[in-house]
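Since the structure comes first, as structure tokens, the remarks are kept for the end.
The values are calculated or read from the model by the stated rules, or taken from the named source; none is laboratory data. What you are looking at is a predicted structure, and each value in this text was computed from that prediction instead of being measured. FYI the Cβ positions are ideal-geometry reconstructions off the backbone, even for glycines, and counts take in every protein chain you see. Note: accessible area is taken over every heavy atom of the protein model, side chains too, but ligands, DNA and RNA are not part of it. Shrake-Rupley method; radii C 1.70, N 1.55, O 1.52, S 1.80 Å.
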Amino acid sequence: MSDWQPGDRRPDTAAMLRVNQAGEYGATRIYAGQLAVLGRGSAAAHQIARMATQEERHLARFNKLMSERRVRPTALQPIWSVAGFALGAATALLSEKAAMACTDAVETEIDKHYSEQLEQLGESDPELAADIAEFQAEELEHRETAREHGAQEAVGYPVLSAVIRAGCRVAIELSKRV
């Protein structure tokens, strides 16, 4: 049974897939930038590598759904590649706690974004909704991991978090359309 009623707007699942794939791609690039700076020896790097593996799995799933449903990726992907890596590297250069603050900020916005998508989907696309719900739970684990590793203790945390969250919101809106 669907929540959709005549006259209701159907969820734009193509835009959802496009933005989710772009977001997961961006996350893999952020973590790549952080690991390039931190190396693999620190406790933060160990956690980042674990989270990156999950993001790669999310990305692979959205890539598969996009291929099956013939959804084009965002044209902004080359920009997200450079911007994600630069954000990851820059936050890691600041400190391990700033790298974790980046994860905290990104995952806070992704949680909000995925909640909105699940509400829009209702029961209209159970396959996509199940993937989003599963990935949302993992993204929340990432946020909690970041907080356990000092994200909120990073120098300038309120400003750093606000800037990264604003950037995420812009990237989300652009990736839906472009």
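Identify, among LEU17, LEU76, PRO158, the residue whose Cα sits farthest towards the positive end of the charge dipole of the chain, taking +1 on the Cβ of Lys and Arg and -1 on the Cβ of Asp and Glu, with the dipole about the Cα centre.
It is LEU76.
At a Förster distance of 25 Å, what's the computed FRET efficiency of ARG9 paired with ASP111, Cβ-Cβ distance as r, to 0.05?
Working: r = 24 Å, r/R0 = 0.94.
It comes to 0.60.
Leaving out ligands, DNA and RNA, and with a 1.4 Å probe, what % of the accessible surface on the range 50-173 is carbon or sulfur?
Values: 3600 of 6020 Å².
That fraction is 60 percent.
Mind checking the dipole of the chain: about its Cα centre, +1 per Lys or Arg Cβ, -1 per Asp or Glu Cβ, Debye to the nearest 20?
On the way: 20 positive and 26 negative charges, 161 e Å.
That gives the chain a dipole magnitude of about 780 debye.
Would you please give the residues with an amide H less than 5 Å from that of HIS149, counting only those at least 5 places away or on a separate chain, with H modeled from the backbone geometry?
So HIS149 has HN proximity to no qualifying residue.
For LYS97, give me every one of the lysines with a C-alpha distance below 23 angstrom, ignoring sequence neighbours fewer than eight places off in its own chain.
Of all the lysines, those that pass the test against LYS97 - Cα under 23 Å, at least 8 places apart if same chain - are LYS112.
Please check which bits of the range 85-123 a label hung off ALA36 would reach, taking the label as a point 7 Å along Cα-to-C-beta and the cut-off as backbone N under 14 Å.
85-93
Fully extended, how many nm does the chain gain between GLN77 and THR53 (0.36 nm per residue separation, minus their Cα-Cα distance)? Kindly include the intermediate steps, with their values, before the conclusion.
Values: separation 24, 0.36 × 24 = 8.64 nm, distance 1.97 nm.
Value of the extension gain: 6.7 nm.
Within the chain, which DSSP H helices have Cα atoms that stretch 20 Å or more along the helix axis and a mean Kyte-Doolittle hydropathy of at least 1.0?
Working: long enough: 13-38 (37 Å, 0.34); 43-69 (39 Å, -0.79); 77-94 (25 Å, 1.31); 96-121 (37 Å, -0.70); 126-148 (33 Å, -0.96); 157-177 (30 Å, 0.54).
Within the chain the helices that satisfy the rule are 77-94.
Based on DSSP loop calls and a cut-off of at most 11 other Cβ atoms within 10 Å, the longest stretch of the chain free of exposed trypsin sites (Lys or Arg not before Pro) is what? Please report the intermediate quantities before stating the final value.
Numbers: sites that count: ARG9, ARG40, ARG70.
With trypsin sites (Lys or Arg not before Pro) excluded where exposed in loops, the chain gives 71-178 as its longest stretch.
Separation between the LEU174 and ASN63 pseudo-spin-labels, each 7 Å from Cα along Cα→Cβ, expressed in nm?
Output for this residue pair reads 2.3 nm.
Using the Kirkwood formula on the Cα atoms of the chain, what hydrodynamic radius do you get, in angstrom to one decimal?
Numbers: mean 1/r = 0.0609 Å⁻¹.
Evaluated over the chain, this radius sits at 16.4 Å.
Before anything else, pin down the relative contact order of the range 6-131: Cα pairs under 8 Å, at least 6 apart, normalised by residue count, whole percent.
Values: 112 pairs, mean separation 43.2, N = 126.
RCO, the range 6-131: 34 percent.
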